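*Asks:* Got a structure for you, questions after.
The values are calculated or read from the model by the stated rules, or taken from the named source; none is laboratory data. This structure is a prediction, so every number in the text was calculated from the model and none was measured. Note that each Cβ is placed from the backbone with ideal geometry, even for glycine, and that neighbours are counted across all protein chains shown. Keep in mind that these areas ignore ligands, DNA and RNA; they rest on the heavy atoms of the full protein, side chains included. Shrake-Rupley method; radii C 1.70, N 1.55, O 1.52, S 1.80 Å.
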Amino acid sequence: MSKQTHAFQAEVAQLLHLVTHSLYSNQEIFLRELISNASDACDKLRFEALNNTALFEDAPELQVRLSFDKAAKTLTITDNGIGMTAQEAIDHLGTIAKSGTKDFMSKLSGDQKSDAQLIGQFGVGFYSGFIVADKITVETRRAGAAPAEGVRWVSGGTGDFEVETIARAERGTSVILHLREEALEYANTWKLKEIVGKYSDHISLPILMEKEEWQDGELIDPNDEKAGRKPGGMVKTGEWETINKASALWTRPKKDITDEQYADFYKQISRDFEAPLTWTHNRVEGSTEYTQLLYIPAKAPQDLWNRDKKAGIKLYVKRVFIMDEAEALMPSYLRFVKGVVDSADLPLNVSRELLQESRDVKAIREGCTKRVLSMLEDLAKHDKAPEATDGVTDVLSEEDKAKFGQYSKFYAEFGAVLKEGLGEDFGNKDRLTKLLRFASTTSDTVSVSFADYKARMKEGQDAIYYITADTLAAAKNSPQLEVFKKKGIEVLLMTDRVDEWALNFVHEFDGTPLQSVAKGAFDLGKLQDEEEKKAAEDAAETFKPVLAKLKEALKDKAEDVRVTSRLVDSPACLVVTDDGMSMQLARMLKQAGQSAPEVKPVLEVNPDHELVKKLDGSVHFHDLAHILFDQALLAEGGLPEDPAAYVKRVNALLS
Ligand code: ADP
């Protein structure tokens with residue numbers, strides 16, 4: 001193939017413009033990105049070679065070589081990995097495939113300075129090379145292809161790139177950076193070693209550089225050796241040395257790994273630029289042997305809600321990379337966990353299908369799930385700083401003190417996903433239930449556990465009360481809470497969309513039933529004294545005729561109408577029958593375009609309210625009845641079926 005010119009995909013051009021027109025606080029990340037690509041290329045080769053060892057040709061030792069040429073102002077990163085065909089070079093280096101980069105693009109603000117900083121944090125893969133280079137030449141040959149089928153890709157990082165066929169004896173890829181004047185500092189052994197140490201130490205692949213030796217300069221006086229020599233310089237020796245630790249981080253003992261190294265490794269595998277919230281690293285022995293290094297991110301990704309999103313676990317078998325996104329190793333409700341599992345038992349040629357069936361995989365999945373839950377339980381235990389007065393804070397280790405507030409942070413990001421586990425993982429339901437946190441009528445922050453609630457229950461209270469609503473404000477001001485507030489009974493406020501669904505799987509906690517305050521007839525049991533009960537019965541009796549009339553007027557809207565003692569300030573509220581679907585869930589289903597059974601609520605009226613007292617004998621009875629109903633609907637976040645009619649009725653009364 002002779003030289004061809006191709007245009008970059010518009011998004012790449014846009015990205016390159018930014019890369020080449022900005023200054024960077026940490027330019028050096030280009031090396032991390034290119035070494036990471038080289039390492040991926042070697043992983044891919046190793047994987048393909050499982051079924052075709054010929055791909056190794058005569059170079060089975062996979063490695064990355066760094067070299068520079070000061071005179072030519074180039075820095076070259078060479079790997080003997082999978083390489084690329086011409087078509088692959090055109091496709092992969094001319095378009096943006098990586099979702100992380102797309103994500104990054106969507107975050108661009110247009111302000112060059114802050115955008116440039118973003119690049120530094122994210123890295124933009126191959127294109128990071130243009131941070132330090134004004135031209136990049138890529139020479140590559142796909143493993144298994146003939147030496148005559150090499151490819152040269154060249155671009156100045158503007159609108160287009162050139163591709164041509166070349167002869168290339170070695171398999172793999174060389175990325176040759178033609179350094180900008182301001183970036184010549186990277187053509188330096190020490191500089192490169194420093195950067196590799198910082199970002200790529202734990203890459204399991206050896207990174208090699210040619211050894212340099214000091215050599216004195218020429219004789220100052222060729223006729224007089226004693227006059228000494230001119231200053232010399234570092235000279236390449238032709239010998240290559242490994243400059244990184246080249247041992248996969250997770251295989252090293254915990255005590256030899258610093259927090260910073262753990263965090264760096266996380267950033268590398270997750271492509272997250274923030275440090276993780278926490279992690280767990282263990283070698284599991286027994287019938288199934290494996291190493292797990294699992295991280296909980298500090299922030300939820302944008303696509304957290306996509307249940308098809310793959311789990312963030314990389315699977316290795318005896319340190320050989322097998323696959324990304326091994327979802328069989330982590331249940332869906334823990335899809336936010338990132339990390340590495342390295343199995344000693346699985347066959348190297350394990351396929352995705354096989355993974356689903358393997359007993360070892362099942363054991364690993366259970367083990368990983370338990371670990372994550374233990375990690376969360378530990379954070380939850382130390383979430384609240386103990387009261388300073390009881391002196392406990394002093395005996396806590398620094399490590400435990402560092403956990404204050406961590407669980408709340410976690411929960412704010414991932415709590416809603418965790419709840420999916422209630423319906424998904426029955427084996428761990430109890431542990432998950434204990435990890436739930438809610439806001440309540442005594443706590444605006446989402447920090448109340450069922451255990452906290454139980455510890456605060458009133459004498460004689462025999463249920464855990466809760467209410468679900470669309471927002472915290474709607475929950476807090478709901479008329480159904482009035483009597484609970486009056487009596488000082490705490491009610492949990494549930495405002496996550498999944499709460500309603502999740503509660504289908506939790507009916508009680510530690511022997512105490514959960515009771516929605518918006519479901520079923522009002523019954524506070526022992527919390528109501530005889531006098532109150534008597535008053536309620538009397539009211540029901542006196543209101544009988546009015547109730548009958550209301551029922552008739554609202555027969556299309558309300559399942560039933562009755563008096564209640566759950567209200568204090570409001571005239572009326574809506575509840576559903578015990579086994580009925582809540583109004584909120586029905587609304588949610590409708591919004592989601594799903595069919596929901598028609599929920600006809602029960603209208604409950606407050607016999608002590610002026611408006612209700614005035615009903616009897618009013619000439620506006622019919623309008624008042626409908627207004628009562630519609631207002632009750634509004635109060636709980638719903639909309640009257642016919643809003644215009646509602647407005648008309650209210651206006652008629654007002655005037
Ligand atoms: P990412 O590596 O996240 O996919 P990049 O922009 O860094 O994004 O690279 C794009 C693609 O180019 C890679 O997915 C890979 O297919 C190919 N590529 C990049 N560097 C190499 C390399 N050294 N060897 C083989 N393929 C490579």
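Residue-by-condition table, conditions (1) more than 16 Å from the ligand (Cβ to nearest atom); (2) modelled with pLDDT of 95 or more; (3) under 29 Å from the mean Cα position of the chain (by Cα); (4) surrounded by 22 or more Cβ atoms within 10 Å (Cβ to Cβ):
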residue	(1), (2), (3), (4)
ASP111	yes, no, yes, no
ALA116	yes, no, yes, no
GLY120	no, no, yes, no
GLY123	no, no, yes, yes
ARG141	no, yes, no, yes
SER155	no, yes, no, yes
THR158	yes, no, no, no
ALA169	yes, yes, no, no
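*Asks:* Just the residues that are without any contact (Cβ under 8 Å) to a residue 24 or more places away in the chain, outside any loop (DSSP other than H, G, I, E, B) and open to solvent by 20 Å² or more (accessible area, probe 1.4 Å), please, taken from region 567-609.
*Replies:* Of everything in region 567-609, those that are without any contact (Cβ under 8 Å) to a residue 24 or more places away in the chain, outside any loop (DSSP other than H, G, I, E, B) and open to solvent by 20 Å² or more (accessible area, probe 1.4 Å) turn out to be LEU589, LYS590, GLN591.
*Asks:* Identify the single condition in (1) in a helix (DSSP H, G or I); (2) in contact with a Lys or Arg (Cβ under 7 Å, 6 or more places away or on another chain); (3) under 22 Å from ASN477 (Cα atoms) that SER447 does not satisfy, given that it satisfies every other one.
*Replies:* Among (1) in a helix (DSSP H, G or I); (2) in contact with a Lys or Arg (Cβ under 7 Å, 6 or more places away or on another chain); (3) under 22 Å from ASN477 (Cα atoms), the lone unmet condition for SER447 is (1).
*Asks:* Are any of the residues in region 258-277 open to solvent by 70 Å² or more (accessible area, probe 1.4 Å), away from the ligand (no atom under 16 Å from the Cβ) and at pLDDT below 90?
*Replies:* no
*Asks:* Then there is this: GLU353 passes all but one of (1) modelled with pLDDT under 90; (2) not in a helix (DSSP H, G or I); which number fails?
*Replies:* Answer for GLU353: the failing condition is (2).
*Asks:* Which residues, taken from region 620-639, are touching a Ser or Thr at 6+ places or on another chain (Cβ under 9 Å), more than 17 Å from ASP569 (Cα to Cα) and surrounded by 19 or more Cβ atoms within 10 Å (Cβ to Cβ)?
*Replies:* LEU624
*Asks:* Can you tell me which of LYS299, LYS255, LYS226 is of a type in the set (Lys, Arg), open to solvent by 50 Å² or more (accessible area, probe 1.4 Å), touching a residue at least 24 places away in the same chain (Cβ under 8 Å) and more than 16 Å from the ligand (Cβ to nearest atom)?
*Replies:* LYS299
*Asks:* Tell me, yes or no, whether region 70-85 has at least one residue that is at pLDDT 95 or above, more than 13 Å from the ligand (Cβ to nearest atom) and among the charged types (D, E, K, R).
*Replies:* yes
*Asks:* Of GLU48, GLU88, GLU33, which residue is under 33 Å from the mean Cα position of the chain (by Cα) and free of Cβ contacts under 8 Å to residues at least 60 places away in the same chain?
*Replies:* GLU88 is the lone residue from the list that is under 33 Å from the mean Cα position of the chain (by Cα) and free of Cβ contacts under 8 Å to residues at least 60 places away in the same chain.
*Asks:* Taking the conditions exactly as written (within 27 Å of GLU149 (Cβ to Cβ), assigned by TED's automatic domain parsing to the domain that holds GLY197 and within 15 Å of the ligand (Cβ to nearest atom)), does ASP43 satisfy them or not?
*Replies:* Answer is yes for this residue.
*Asks:* Right, here's the next one. Does ASP58 count as surrounded by fewer than 19 Cβ atoms within 10 Å (Cβ to Cβ), at pLDDT below 95, within 12 Å of the ligand (Cβ to nearest atom) and of a type outside the set (Ser, Thr, Tyr)?
*Replies:* No: the conditions fail for ASP58.
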